Amino acid sequence: MREPEHDLESDFMSQHPLPENLHLDTLAVRAAMDRSQYGENSEALYLTSGYVQPSAEASARRFAGEEEGYTYGRSGNPTVSSFEMRLAAMEGTEAALATSSGMSSILLMLFSLLKSGDHVVYSQSMFGSTLKLIGSEFARFGVESTVVPQTDLAAWTAAIRPNTKILFAETPTNPLTEVCDIQALADLAHNAGAWLAVDNCFATPILQRPVDMGADIVMHSGTKYLDGQGRVMAGALCASEALITGKCLPVMKNGGMVLSPFNAWVVLKGLETLDIRMRAQSARAHEMATWLEQHPMVSRVHYPGLVSHPQHALAMKQMSHMGGAVLSFDVKAPDPQTARTRAFHVLDSLRVLSLCTNLGDTKTLLTHPASTSHGKLSEDQRQAAGIGQGLIRMAVGLEHVGDMQVDLLRGLDTL
Ligand SMILES: *Cc1c(COP(=O)(O)O)cnc(C)c1O
């Protein structure tokens with residue numbers, strides 16, 4: 001955030017403001033270009049933790065909030081501001097606040113919007129650390145919560161209490177790509193006087209803009225598709241000025257979960273190719289999902305772009321007719337132990353694609369959820385969550401589809 005008052009226009013930008021109504025792909029390369037006096041065409045990286053003050057009086061005014069100007073890295077940096085403004089432009093929100101990771105953005109949101117005695121409703125299919133942060137860590141401070149099945153609107157409705165402040169959803173989810181209806185959840189939240197927060201990691205603003213469907217807060221792990229090349233950790237919240245500047249910024253300044261300027265610069269440049277990457281990776285994922293569904297050793301493929309997906313129609317309507325770049329599939333097996341052995345065989349036979357617990361990279365990454373992200377659950381809990389021992393998650397990158405298929409067949413055809 002710009003210090004002390006958030007102002008979207010730098011001196012340069014106010015001399016040459018961008019025209020209104022630009023499209024998302026244009027905003028991705030042009031929005032929030034805070035050009036210095038040197039006229040650089042690629043965004044500058046301001047790698048500094050402190051800022052020299054023009055005078056003691058000006059410094060006093062800046063600290064008092066009476067004058068705009070950077071003071072210290074924990075409360076603002078020009079490179080970080082550019083990333084925030086560009087992401088806000090792409091998500092269609094008034095403001096954004098960048099954080100050190102996706103999880104720290106959730107931490108910031110909960111710290112900023114909740115107090116002891118408040119209640120959160122969230123999906124049981126959310127990211128593992130999100131489940132623990134809300135269900136265990138915040139519970140220690142008296143924040144109540146209820147987990148509900150991702151796609152069961154009646155369960156979300158029944159979970160609402162007078163003290164419910166936040167409904168929190170992630171769509172599509174990891175690793176089963178379950179989709180929920182953002183508009184329906186937004187209506188539910190607003191009727192209850194609560195906010196709807198959406199983790200938009202998997203879809204990104206290229207596929208879906210949750211605020212256009214009524215959501216109040218959009219959360220990102222910039223580590224994933226925003227960076228897009230697996231280089232840095234980053235996170236962000238996108239929302240109204242009232243929420244970002246009014247509620248989250250004061251907590252951020254004292255909490256200090258700031259994004260480093262270098263990481264902000266990497267993610268800022270990552271946004272420039274987000275549109276073409278998401279389209280290309282989503283198209284490849286669709287081809288791979290369709291192909292995997294035909295393989296005799298694959299019992300099921302989870303991918304929103306497939307007609308066999310339980311929320312296919314909703315997903316296509318909500319996600320710009322794309323399925324995203326993550327799919328998962330079950331290797332056929334008579335029992336869990338065999339399923340695990342077979343899944344491991346497929347993963348260990350890879351020579352091109354990576355066995356790697358990340359996603360959103362240009363390199364295709366595969367994981368075995370039952371022994372990694374969902375490894376701490378009991379077998380019963382895993383069964384309930386639909387995460388079998390034969391399940392493999394594939395975060396599809398930019399390799400040639402034919403090469404991906406050959407790499408998977410090395411294992412699938414030798415089971
Ligand atoms: C990775 C991820 C997070 C957490 O982000 P980090 O940058 O790893 O802290 C949250 N939600 C989803 C859906 C993710 O994939």
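The values are calculated or read from the model by the stated rules, or taken from the named source; none is laboratory data. Note that the structure is a prediction, hence the values are computed from the model and not measured. Note that each Cβ is placed from the backbone with ideal geometry, even for glycine, and that neighbours are counted across all protein chains shown.
Whether a residue is under 18 Å from ASP407 (Cβ atoms), within 16 Å of the ligand (Cβ to nearest atom) and out of contact with any Lys or Arg (no Cβ under 8 Å at 6 or more places or on another chain) was assessed, and LEU365 passes this test.
Residue-wise test of (1) within 15 Å of the ligand (Cβ to nearest atom); (2) in a helix (DSSP H, G or I); (3) within 22 Å of the chain's Cα centre (by Cα).
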position	(1), (2), (3)
GLN150	yes, no, yes
PRO162	no, no, no
PRO172	yes, no, yes
LEU188	no, yes, no
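The listed residues are ALA155, ALA139, ALA184, and the only one of them that is surrounded by fewer than 19 Cβ atoms within 10 Å (Cβ to Cβ), in contact with a helix residue (DSSP H, G or I) (Cβ under 7 Å, 6 or more places away or on another chain), outside any strand (DSSP E or B) and of a type outside the set (Val, Ile, Thr) turns out to be ALA184. For segment 32-86, a residue qualifies if it is buried (at least 19 other Cβ atoms within 10 Å of the Cβ) and small (Gly, Ala, Ser), and the qualifying residues are ALA32, SER75, GLY76, SER81, SER82. In segment 151-166, the residues that are closer than 12 Å to CYS180 by Cα reach residues that are of a type in the set (Gly, Ala, Ser) with C-beta atoms within less than 7 angstrom, at least six apart or across chains, in these pairs: LEU153/ALA184. In segment 365-373 there is at least one residue that is part of a helix (DSSP H, G or I), under 25 Å from the mean Cα position of the chain (by Cα), over 24 Å from ALA234 (Cα atoms) and not assigned by TED's automatic domain parsing to the domain that holds SER101.
Restricting ARG382, ARG342, ARG393 to those that are within 16 Å of the ligand (Cβ to nearest atom), outside any loop (DSSP other than H, G, I, E, B), at negative phi and out of contact with any Phe, Trp or Tyr (no Cβ under 6 Å at 6 or more places or on another chain) reduces the list to ARG393.
Only one of the numbered conditions (1) closer than 30 Å to LEU153 by Cα; (2) free of Cβ contacts under 8 Å to residues at least 12 places away in the same chain is violated by ASN41, and that is (1). Of all the residues that make up segment 64-122, how many are within 16 Å of the ligand (Cβ to nearest atom) and closer than 25 Å to GLU144 by Cβ? Residues meeting the conditions: 13.
Out of VAL298, VAL331, VAL251, report the one residue that is surrounded by 21 or more Cβ atoms within 10 Å (Cβ to Cβ) and β-branched (Val, Ile, Thr). Matching residue, one of VAL298, VAL331, VAL251: VAL331.
Residues in segment 69-91 that are in contact with an Asp or Glu (Cβ under 6 Å, 6 or more places away or on another chain) and either outside any helix (DSSP H, G or I) or over 19 Å from TYR51 (Cβ atoms) (or both): 4 in all.
Screening THR372, THR414 for residues that are without any contact (Cβ under 8 Å) to a residue 40 or more places away in the chain, of a type in the set (Ser, Thr, Tyr) and surrounded by fewer than 16 Cβ atoms within 10 Å (Cβ to Cβ) leaves exactly one candidate, THR372. Being without any contact (Cβ under 8 Å) to a residue 40 or more places away in the chain and over 30 Å from LEU196 (Cα atoms) is a property that holds for GLU293.
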